[in-house]
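**Q** Sharing a structure here in structure tokens format.
The values are calculated or read from the model by the stated rules, or taken from the named source; none is laboratory data. Source: prediction; values computed, not measured. Because the Cβ atoms are built from the backbone with ideal geometry, glycine has one as well, and the counts that use them run over all protein chains shown.
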Amino acid sequence: MSLLQVEGLTKRFSGLTAVDDINITVADKEFLGIVGPNGAGKTTLFSLISGQLPPTHGRIVFDGVDITGWPADKVASAGLVRTFQLMRPFESMTALENVAVASHHRFRSRRDARRHALAVIERVQLDRYVNAPAGSLPTAGLKRLELARALALEPKLLLLDEVLAGLVPADRAPMIELLGDLHADGLTVLFIEHIMAAVLALSERLLVMHEGAQLALGNPHEMTQDRAVVEAYLGEDYA
Ligand SMILES: Nc1ncnc2c1ncn2[C@@H]1O[C@H](COP(=O)(O)OP(=O)(O)OP(=O)(O)O)[C@@H](O)[C@H]1O
Ligand SMILES: [Mg+2]
């Protein structure tokens with residue numbers, strides 16, 4: 001069963017076609033990696049799918065409903081949630097309060113929202129920072145906080161935009177393990193990432209974007225053998 005269908009999705013900014021005729025179908029519980037060089041249109045694709053930007057052309061069907069043109073908050077309420085490449089927590093609020101703001105979208109009472117937020121904080125193993133101001137968290141903590149704020153909205157489909165970027169290698173492995181656990185628990189994920197080891201460890205299929213377009217879509221390990229993909233993106237390490 002497909003959870004997301006993207007048909008002919010295109011975004012033009014004056015002269016530039018940032019996203020150019022993307023067609024993907026994402027199965028329920030799938031983990032789809034998305035790679036491509038800087039400026040390939042990956043983040044713009046997320047902005048279109050999650051309703052932050054209206055598409056120039058194309059259609060987005062989520063969970064059987066045509067959500068094309070819906071505003072982001074309505075898309076999120078339907079269960080399609082993204083994280084941002086540039087994190088923007090409320091810095092003076094604690095980690096728990098930051099997550100509780102998101103939990104409030106699901107739970108009306110303050111008490112229930114806090115209880116839910118606490119469970120999400122535990123899920124992403126941020127317990128030790130629960131009462132720390134978000135602005136004081138180290139990068140690895142901020143990445144988990146961004147993830148927690150998205151999970152607090154209880155997504156069916158989660159769009160992750162470079163959640164590993166900026167992490168030192170020692171902090172990457174635990175984050176990759178957490179993402180694998182969330183997927184194993186049944187979350188459907190679209191995963192933009194430059195770190196190929198993480199992409200290959202987690203992705204069931206891989207979308208390669210180049211200059212806004214869909215260069216390849218398929219088995220991640222086969223992709224690394226595809227000459228066009230290697231030339232466009234993966235570089236000599238994979239040649
Ligand atoms: N709001 C905007 N207005 C005009 N051009 C934009 C806008 N947003 C993105 N672009 C352009 O669209 C292209 C795709 O950008 P996008 O951020 O989607 O790339 P990306 O694949 O996410 O890159 P990166 O790997 O560096 O994050 C770039 O050329 C970018 O400059
Ligand atoms: Mg980007």
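**Q** Considering every residue within the range 118-130, establish whether at least one is part of a helix (DSSP H, G or I), in the same structural domain as Pro174 (by TED's automatic domain parsing) and either within 17 Å of Leu182 (Cβ to Cβ) or within 16 Å of ligand 1 (Cβ to nearest atom) (or both).
**A** no
**Q** Can you tell me which residue within the range 40-89, out of those that are touching a residue at least 12 places away in the same chain (Cβ under 8 Å) and at positive phi, is nearest to ligand 1 (Cβ to nearest atom)?
**A** Out of the qualifying residues, it is Gly41.
**Q** Give me a count of the residues in the range 101-125 that are free of Cβ contacts under 8 Å to residues at least 40 places away in the same chain and crowded, with 22+ Cβ neighbours inside 10 Å.
**A** Matching residues across the range 101-125 total 3.
**Q** Further, regarding this structure: Among the residues of the range 138-190 satisfying the criterion of being assigned to a loop (DSSP other than H, G, I, E, B) and within 18 Å of Ala72 (Cα to Cα), which is nearest to ligand 2 (Cβ to nearest atom)?
**A** Pro155
**Q** Please go through the range 29-48 and give me each residue that is under 20 Å from Leu164 (Cβ atoms) and aliphatic (A, V, I, L, M), ordered by number.
**A** Correct list: Leu32, Ile34, Val35, Ala40, Leu45.
**Q** Quick check, is Gln85 more than 29 Å from Gly141 (Cβ to Cβ) and not hydrophobic (A, V, I, L, M, F, W, C)?
**A** It is false that Gln85 is more than 29 Å from Gly141 (Cβ to Cβ) and not hydrophobic (A, V, I, L, M, F, W, C).
**Q** So Ala76 passes all but one of these: (1) of a type in the set (A, V, I, L, M, F, W, C); (2) surrounded by 21 or more Cβ atoms within 10 Å (Cβ to Cβ); (3) in contact with a His (Cβ under 9 Å, 6 or more places away or on another chain). Which condition number does it fail?
**A** Looking at each condition in turn, Ala76 falls short on (2).
**Q** For the range 43-72, how many residues meet the condition of being within 16 Å of the chain's Cα centre (by Cα) and either surrounded by fewer than 18 Cβ atoms within 10 Å (Cβ to Cβ) or not polar (S, T, N, Q) (or both)?
**A** Here the count works out to 9.
**Q** Oh, and also: Among the residues of the range 61-89, write down those that are among the β-branched types (Val, Ile, Thr) and out of contact with any strand residue (DSSP E or B) (no Cβ under 8 Å at 6 or more places or on another chain).
**A** Hit for the range 61-89 is Val65, nothing else.
**Q** Any chance the range 143-153 includes a residue that's surrounded by 19 or more Cβ atoms within 10 Å (Cβ to Cβ), under 22 Å from Lys29 (Cα atoms), touching a Phe, Trp or Tyr at 6+ places or on another chain (Cβ under 6 Å) and touching a residue at least 24 places away in the same chain (Cβ under 8 Å)?
**A** Scanning the range 143-153, I find no residue that is surrounded by 19 or more Cβ atoms within 10 Å (Cβ to Cβ), under 22 Å from Lys29 (Cα atoms), touching a Phe, Trp or Tyr at 6+ places or on another chain (Cβ under 6 Å) and touching a residue at least 24 places away in the same chain (Cβ under 8 Å), so the answer is no.
**Q** Here are Val35, Val19: which of them is under 18 Å from the mean Cα position of the chain (by Cα), surrounded by 15 or more Cβ atoms within 10 Å (Cβ to Cβ) and more than 18 Å from Gly218 (Cα to Cα)?
**A** Only one candidate passes the filter, namely Val19.
**Q** Provide a single number: the residues in the range 99-121 that are closer than 23 Å to Arg172 by Cα and within 20 Å of the chain's Cα centre (by Cα).
**A** Here the count works out to 3.
**Q** If a residue has to be at negative phi and away from ligand 2 (no atom under 13 Å from the Cβ) to count, how many in the range 12-39 make the cut?
**A** Total satisfying the criteria: 17.
**Q** For residues that are surrounded by fewer than 21 Cβ atoms within 10 Å (Cβ to Cβ) and in a strand (DSSP E or B), scanning just the range 196-213, find the one that is modelled with the lowest pLDDT.
**A** In this case the residue turns out to be His210.
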